[in-house]
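In what follows, a single structure is set out as structure tokens and then discussed.
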Amino acid sequence: MAQDINALALQARDNEIAREDLIHQQEKMILRTASLATFRFVTKSDDEWSVALCAFSDAIDHYSPDKGNFLPFARLLIKRALIDAHRSAAARQNEIRS
């Protein structure tokens, strides 16, 4: 299965239809990863979904098969993007209060 996902990720890099198919196929993983990273339930109507989706797309663009499997790489990028977004929002919140 990992080989299939890896091949799909490589194909999705250059093919927009393959990218949309891969995103649709991995929606549950993206939402689950976002929920784990934010410690709350995330749906497609949340801002976290947008951040996670952009990070997943970046994972497709930057995936290199010689460095490992695609899904762990995508999960890592999603978590990092959500952490960065949370820190940025917290910094802005502190600026507003001051």
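Among the residues in the range 57-66, are any part of a loop (DSSP other than H, G, I, E, B) and over 17 Å from ARG19 (Cα atoms)? No, the conditions are met nowhere in the range 57-66. Being surrounded by 15 or more Cβ atoms within 10 Å (Cβ to Cβ), in contact (Cβ under 8 Å) with a residue 24 or more places away in the chain and either touching a Phe, Trp or Tyr at 6+ places or on another chain (Cβ under 9 Å) or outside any loop (DSSP other than H, G, I, E, B) (or both) holds for only one residue in ARG80, ARG75, and it is ARG75.
All told, GLU95 meets the bar of being more than 18 Å from LEU10 (Cβ to Cβ), of a type in the set (Asp, Glu), at pLDDT below 95 and part of a helix (DSSP H, G or I). Pairs meeting the criteria (first residue in the range 5-27 and under 24 Å from THR43 (Cα atoms) and without any contact (Cβ under 8 Å) to a residue 12 or more places away in the chain, second residue of a type outside the set (Phe, Trp, Tyr) and open to solvent by 60 Å² or more (accessible area, probe 1.4 Å), beta carbons under 6 Å, at least 6 apart or on different chains) are ALA18/GLN11. Counting only residues that are of a type outside the set (D, E, K, R), closer than 17 Å to ALA81 by Cβ and part of a loop (DSSP other than H, G, I, E, B), the range 1-48 holds 3 of them.
The values are calculated or read from the model by the stated rules, or taken from the named source; none is laboratory data. Since the structure is predicted, the reported quantities are computational estimates derived from the model, not experimental observations. Reconstructed Cβ throughout: ideal geometry from the backbone, glycine too, with neighbour counts over all protein chains shown. Quick note on the areas: whole protein, heavy atoms, side chains included, nothing else; ligands and nucleic acids left out. Shrake-Rupley method; radii C 1.70, N 1.55, O 1.52, S 1.80 Å.
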